[in-house]
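Student: Here it is, the structure in full.
The values are calculated or read from the model by the stated rules, or taken from the named source; none is laboratory data. What you see is a predicted model; the values in this text were computed from it and never measured. A quick note on method: Cβ atoms are made from the backbone with ideal geometry, for glycine too, and the neighbour counts reach across all protein chains shown.
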Amino acid sequence: MAQIAAGRLDRRIAIQSATEVADASGEPLQTWATTVTLWASYEEARGEEHPGADQRVAKRRVLFGIRYRTDVAITPRRDRRIVFDSRNYDILAVHEDARFPRRSRLTIEAEARAE
């Protein structure tokens, strides 16, 4: 069985959850709060371009590998995101990595808009 090399978990990521607060006038405002900060591996998956309203929109898909945790949902939720290297990533999928022993590693597939 493959082991998780601690040296591969060399990127610091933050998993954030959406929260609603009231602004100065009492109107609801969505903000993001960090739920957990942890070490992860990082791998480029692929990039894509799609036509936007008046420009082409580039998207970058990446894979983050983390040690297995019970507080990271296996199903992606729209109210969660990853922040890595000052960029926000939408979580597309979360699954156990079959290359490692059961319940030892999760792979998070995420997507960010290229700047």
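Student: Condition test on Glu20, is it at pLDDT below 90 and surrounded by 11 or more Cβ atoms within 10 Å (Cβ to Cβ)?
Tutor: No; evaluated as a whole, the condition is false for this residue.
Student: Please work out if Ser25 is exposed (fewer than 10 other Cβ atoms within 10 Å of the Cβ), among the hydroxyl-bearing types (Ser, Thr, Tyr) and either at pLDDT 85 or above or out of contact with any helix residue (DSSP H, G or I) (no Cβ under 8 Å at 6 or more places or on another chain) (or both).
Tutor: yes
Student: Restrict the check to the range 53-67 and report whether at least one residue is in a strand (DSSP E or B), in contact with a helix residue (DSSP H, G or I) (Cβ under 8 Å, 6 or more places away or on another chain) and modelled with pLDDT under 95.
Tutor: yes
Student: Right, next: Of all residues in the range 31-51 being modelled with pLDDT under 90 and of a type outside the set (Asp, Glu), which is farthest from Ser104 (Cα to Cα)?
Tutor: Restricting to residues being modelled with pLDDT under 90 and of a type outside the set (Asp, Glu), the top hit is Pro51.
Student: Looking at the structure I just gave you, is Ile74 under 14 Å from the mean Cα position of the chain (by Cα) and at pLDDT below 85?
Tutor: When the stated conditions are applied, Ile74 passes them.
Student: Tell me which residues, restricted to the range 79-100, are loosely packed, with under 14 Cβ neighbours inside 10 Å and at pLDDT below 80.
Tutor: Those that are loosely packed, with under 14 Cβ neighbours inside 10 Å and at pLDDT below 80: Ala98, Arg99.
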